[in-house]
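The values are calculated or read from the model by the stated rules, or taken from the named source; none is laboratory data. Keep in mind it's a predicted model, so treat the numbers as computed, not measured. Please note: Cβ atoms are built from the backbone with ideal geometry, for glycine as well, and neighbour counts cover all protein chains shown. We work out accessible area using only protein heavy atoms, side chains counted, and drop any ligands, DNA or RNA first. Shrake-Rupley method; radii C 1.70, N 1.55, O 1.52, S 1.80 Å.
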Amino acid sequence: AGGGGEEPRGGLSAHEASSLWEYWDDRGRVQGPFSAEKLLGWLKAGHIKASRMARRSVLLSDPNEAAAAHAGGSFTPLRETEPFAAALAAPRALPAPPPVLPSLDRGGEVPMWLYVDVTGAEQGPFTAAAMQRWRAAAMLPPETKVRHVSEAKEAAR
């Protein structure tokens, strides 16, 4: 437990859990204040990333005092900011990243194209780059019907 017999909450002491924080959203706006416990919960649930820029919040009733107090408080990534850095260091503190879709092309393109083979069976999905290479090498005849995975089967052209 933390100093003074405080029970840890989500990897944070009770004092740390109640500290208030602000962060920059994706549009560059300051959001908050939020408790450290809430931000850590969002991190662990995958709602925000550990790279999210944040700073400790200063709550003052006078807007001029608050602006002056924030002038020295720079934003840093949560993963580099205490108490979050220590809480995130625990094994499995964050969810696993989403799986990467398989790509048949080393360029990182996601396979999104299908073609109808000579027996009438649909094949794929494949990347556009792979299918263009096959067509250039005469492996796919010009009359081969193709469609994007977002199109209906009847849309094969």
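Brief remarks follow.
- Per the listing Ala138, Ala121, Ala152, the residue uniquely at positive phi, exposed (fewer than 15 other Cβ atoms within 10 Å of the Cβ) and out of contact with any His (no Cβ under 7 Å at 6 or more places or on another chain) is Ala138.
- Across the stretch 97-106, not a single residue is classified as over 30 Å from Leu39 (Cα atoms) and modelled with pLDDT of 70 or more.
- Condition check for Ala36: under 20 Å from the mean Cα position of the chain (by Cα), at pLDDT 90 or above and open to solvent by less than 30 Å² (accessible area, probe 1.4 Å): yes
- Tally, over the stretch 48-72, of residues that are modelled with pLDDT of 65 or more, within 13 Å of Leu20 (Cβ to Cβ) and open to solvent by 30 Å² or more (accessible area, probe 1.4 Å): 4
- Tally, over the stretch 122-142, of residues that are part of a loop (DSSP other than H, G, I, E, B) and either touching an Asp or Glu at 6+ places or on another chain (Cβ under 8 Å) or modelled with pLDDT of 90 or more (or both): 1
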